[in-house]
Amino acid sequence: MNHLAIRKEALSCVRRIVLKLGSSVVTTEDGLDYKIIGGLVDDVSRYKKLGKEFIIVSSGAVAAGVRHMKLKEGARTIPQKQAAASVGQSRLMAVYEEAFGLHGIRVAQMLLTKDDLSHRRRHLNARNTLTTLLSWGVVPIVNENDTVMVEEIKLGDNDNLSALVAALADADLLITLTDMEGFMDCDPRSNSDACLIPLVEDITPDVRRLAGANSSGPGRGGMASKLEAASKVRLFGIPMIIAKGKSPHIIPRIMEADLCGTLVLPSKERMSSRKHWIRYNLEPEGELEIDGGAARALCSSGKSLLPIGVIGVQGHFEHGAAVTVRDSDGNKLAIGLINYSSEEMLRIMGHQTAEIDWILGYHRNDEAIHVDNLVLLEH
Ligand code: GLU
């Protein structure tokens, strides 16, 4: 199949779209870029009236706050960044509200943290809110809740947030608009002959190397974090397009399968939403070390992890917590939800399933981690 046919196929059944707008797209040196935002909103509104649903993940709060407060040195400390985000977020919403208002479309603000998405009930609440807003014809405008952000609950960057929102909303497409033409074979800021890679079929170690760790402009994410986002959504069966936000009419060009930007194809095997949630929303609270036999059972035979294969337990966790599973060489093999607390695990590790009842005086499950709650990590 040629690239055009692949694009057309990837876009053929797209109805629900997450559109991620980076700080470099929605801001200029002087603050929010009303013209660009207005143009993007006009195009989104047109497609919305044709029956498409949009969720916008917009950066720009910190940058808008810094410019509005005329902070010459920018926001340097965390409290300054958080205060700037809180000034800028309401300006950002005002601009979207006005621009969509011209088309008779309402918007809603949703500010999320990692905590909201890792807590199963809050995760489901966020999903219900999103789908209710969409059923009302409202355009949700999502950003990280920067004002309460501390390391433990930080999502990291809006690339990551947009991937989690795309999975949360069961979107059909993630569009990420940035200051580059798409995914390039080298950094265009230092290489004038950098070339666009129009199609990424798989996120291989070579592709990751190309992405490097370059970060650009006022936002937090560079190409590496865009590829991280792509690797999250593709496992969920969602294609992603990375393109330049300030190119004229970039949304219609993408929607009409014009060969602009980079298309990252979804993976052939789709991860269940439960496993996706375990893999990308939970922070492991401890670690299990397992022996070679258990590692083979997990990685090659797709089996559950039994207490007998566990040879070490690190950290303090309750049953139901997420833990990392690693082999004795320290390779991280999987993340899973554990059926026993760290204290219980220390007592039953290395023992047969039949002995659990005898050791603990009760028996919660046969497995330390059931295969349905276990996600293998890619190497
Ligand atoms: N939440 C930040 C803001 O609105 C942006 C983070 C990012 O660009 O990744 O300014």
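Cβ-Cβ contacts under 9 Å between residues 6 or more apart (or on different chains), taken from a first residue in segment 51-66 that is hydroxyl-bearing (Ser, Thr, Tyr) to a second residue that is part of a strand (DSSP E or B) and near the ligand (Cβ under 8 Å from one of its atoms), are listed as Ser58/Asn143; Ser59/Asn143; Ser59/Glu144. Out of everything in segment 47-89 that is among the basic types (Lys, Arg) and closer than 28 Å to Ile175 by Cβ, what residue ends up being nearest to the ligand (Cβ to nearest atom)? Filtering first and then ranking leaves Lys81. The residue that is farthest from the chain's Cα centre (by Cα), among those in segment 274-305 that are closer than 28 Å to Val207 by Cβ and exposed (fewer than 14 other Cβ atoms within 10 Å of the Cβ), is Ser300. Residues satisfying the criterion are present in segment 274-282 (criterion: in contact with a Leu (Cβ under 9 Å, 6 or more places away or on another chain) and among the hydroxyl-bearing types (Ser, Thr, Tyr)).
Number of residues in segment 224-243 that are at pLDDT below 95 and either among the hydroxyl-bearing types (Ser, Thr, Tyr) or more than 14 Å from the chain's Cα centre (by Cα) (or both): the value is 2.
Annotation: of all residues in segment 331-367 being modelled with pLDDT of 95 or more and of a type in the set (Lys, Arg), the one that is surrounded by the most Cβ atoms within 10 Å (Cβ to Cβ) is Arg347. Only residues that are away from the ligand (no atom under 12 Å from the Cβ) and surrounded by fewer than 19 Cβ atoms within 10 Å (Cβ to Cβ) were counted in segment 91-106, giving 8.
The values are calculated or read from the model by the stated rules, or taken from the named source; none is laboratory data. Values in this document were obtained by computation on a predicted structure and should not be read as measured data. Neighbour counts are summed over all protein chains in view; Cβ atoms, including those assigned to glycine, are modelled from backbone coordinates with ideal geometry.
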